[in-house]
Amino acid sequence: MQPESASYRGYHAYGYLEQGVDYADFKLADQIGRVPAYDGGLSAEQDERVGRILAENIAISLHEHAVVLPEDTGEIRAYNRTGRQRTAYEGLARSGLTAVFDNFMAGASCVTSENGWKWSDMIYALGFRLADLAKQDFLTHATTVADIRAAKRDGRVALVAGLESSTMIENELDRLDMLYGFGVRQMGIAYSQANQLGGGLAEPTNRMKPDEVIRACAERGGVIGLEAAPHTTLSDRHKSHSLESVMDHFVYCVDLVGIDHVTFGPDTMFGDHVGVHNTYAGNYGHKQDPAPEHPRVAYVDGLENPAENFTNIVGWLVRHDYSDDEIAKVIGGNTLRVLEHVW
């Protein structure tokens, strides 16, 4: 992780309300130090270079859930049912990120239905957290590239509101305009179950993309964000899911389409991600991709939460002799190029 941002003044989620009176009280997971720190094997000089690269360049995580979960995973459903997931200000202040695409735990926002993805649930998730964002001055709600650049200039972190699926749109296309008006700037087509726009992971749709899809994305100038949700980006070389197995996918994609089309969206949160998968196994159930035999892990070592992810990613790239320019591309430059074209 990086030193705490000088712009962070200690704000905690819903600090303008009285906990236990205005909203339900839960003991939350630690944002810093929940699991042992990752040892990337860097020298002091390499560690200094990591900090310099993150300080000098725009770093964008293309997919995260920047919220804190309850310490007790048995309380996750009750916590999410309140609609008031807590933004992880403290953790993000140690991340070294310029911007984070936050996907708002949307499928787990089971406020009005245990099955999730309802329109009203999305409004709860967006409304509560964006209201909280407006009460502090460290995180800024970004809706333009200019907002991301301003966050870098001002030493703040830009939060881009996103949703992992368009299920809640149903057949009401006007809802896309409504979400845009609420400040959403990224949306997936489908997640677990199919909807009117596409097939989900429960259907014959692999989570990991084949070469032809990756090449097609690159040919159109796009960028592939590598994820690290537990037990997904596995590899034959590193069967226990960790930063090393994720970086095997990075090397593969760079060799396939070039370094201008690869970035990172680790898909992490502050708390027990494996516990979330266990809690919502019925909601998130999907067909298992072909994958190497692998042990189950309690967490992905090196990519456990948004506070540590990009420090460890840059550390790996430094240790493997990537240049400053190459690192700048894959931690944010490639994403920024695409955003300037599509936003």
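The values are calculated or read from the model by the stated rules, or taken from the named source; none is laboratory data. Since the structure is predicted, the reported quantities are computational estimates derived from the model, not experimental observations. Using ideal geometry, Cβ is built from the backbone for each residue, glycine included, and neighbour counts are taken over all protein chains shown.
Test of understanding: among 56, 114, 45, which residue is surrounded by fewer than 24 Cβ atoms within 10 Å (Cβ to Cβ), over 30 Å from residue 313 (Cα atoms) and more than 21 Å from the chain's Cα centre (by Cα)?
114
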Specify which of the listed residues (282, 275, 315) is closer than 27 Å to residue 34 by Cβ, free of Cβ contacts under 8 Å to residues at least 12 places away in the same chain and either assigned to a helix (DSSP H, G or I) or among the basic types (Lys, Arg) (or both). 282
Going residue by residue through segment 195-215, is there one that turns out to be touching a Lys or Arg at 6+ places or on another chain (Cβ under 7 Å), over 26 Å from residue 302 (Cβ atoms) and surrounded by 14 or more Cβ atoms within 10 Å (Cβ to Cβ)? yes
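So, restricting to helices (runs of 4 or more DSSP H) that lie completely within segment 112-218, which ones have at least 1 residues that are modelled with pLDDT under 95 and not small (Gly, Ala, Ser)? Before the answer, list the steps.
On the way: elements: 119-133, 145-154, 174-181.
Where helices (runs of 4 or more DSSP H) fall fully within segment 112-218 and carry at least 1 residues being modelled with pLDDT under 95 and not small (Gly, Ala, Ser), they are 119-133.
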Tell me whether segment 245-260 contains one or more residues that are in a loop (DSSP other than H, G, I, E, B), closer than 25 Å to residue 190 by Cβ and of a type outside the set (Ser, Thr, Tyr). no
Matching residues in segment 290-312 (under 23 Å from residue 105 (Cβ atoms) and either at pLDDT below 95 or loosely packed, with under 12 Cβ neighbours inside 10 Å (or both)) number 1
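Which one is surrounded by the fewest Cβ atoms within 10 Å (Cβ to Cβ), of the residues in segment 97-111 that are hydrophobic (A, V, I, L, M, F, W, C) and modelled with pLDDT of 95 or more?
By that ranking, first place goes to 101.
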Considering only segment 61-95, state which residues are in a strand (DSSP E or B) and either aliphatic (A, V, I, L, M) or farther than 24 Å from residue 109 by Cβ (or both). 62, 67, 68
Checklist (1) at negative phi; (2) crowded, with 22+ Cβ neighbours inside 10 Å; (3) of a type outside the set (Gly, Ala, Ser); (4) in a loop (DSSP other than H, G, I, E, B) applied to residue 267, failing item: (1)
Residue by residue through segment 18-60, note down the ones that are out of contact with any helix residue (DSSP H, G or I) (no Cβ under 9 Å at 6 or more places or on another chain), farther than 29 Å from residue 242 by Cβ and not in a strand (DSSP E or B). 18, 20, 21, 22, 25
Checked 116, 91, 74, 96 against criteria (under 23 Å from residue 179 (Cβ atoms) and small (Gly, Ala, Ser)); the one match is 116
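So that you can scan it fast, the table gives a plain yes or no per residue for (1) of a type in the set (A, V, I, L, M, F, W, C); (2) within 18 Å of residue 70 (Cβ to Cβ); (3) out of contact with any Phe, Trp or Tyr (no Cβ under 9 Å at 6 or more places or on another chain):
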residue: 84; (1), (2), (3): no, yes, no
residue: 91; (1), (2), (3): no, yes, no
residue: 97; (1), (2), (3): yes, no, no
residue: 101; (1), (2), (3): yes, no, yes
residue: 104; (1), (2), (3): yes, yes, yes
residue: 107; (1), (2), (3): no, yes, no
residue: 110; (1), (2), (3): yes, yes, no
residue: 122; (1), (2), (3): yes, no, no
residue: 134; (1), (2), (3): yes, no, yes
Residue that is among the hydroxyl-bearing types (Ser, Thr, Tyr) and surrounded by fewer than 22 Cβ atoms within 10 Å (Cβ to Cβ), where the choices are 143, 167: 143
What pairs can you find where one residue is in segment 67-84 and buried (at least 20 other Cβ atoms within 10 Å of the Cβ), the other is of a type in the set (Phe, Trp, Tyr) and part of a strand (DSSP E or B), and their Cβ atoms are less than 8 Å apart, with a gap of 6+ or different chains? 67/270; 68/270; 69/270; 84/23
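Restricting to segment 321-343, give me the number of residues that are touching a residue at least 12 places away in the same chain (Cβ under 8 Å) and not in a helix (DSSP H, G or I). I'd like the intermediate steps shown before the answer.
The initial filter retains those residues of segment 321-343 that are touching a residue at least 12 places away in the same chain (Cβ under 8 Å), namely 324, 326-341, 343.
When the remaining residues are screened for being not in a helix (DSSP H, G or I), the result is 343.
The qualifying residues number 1.
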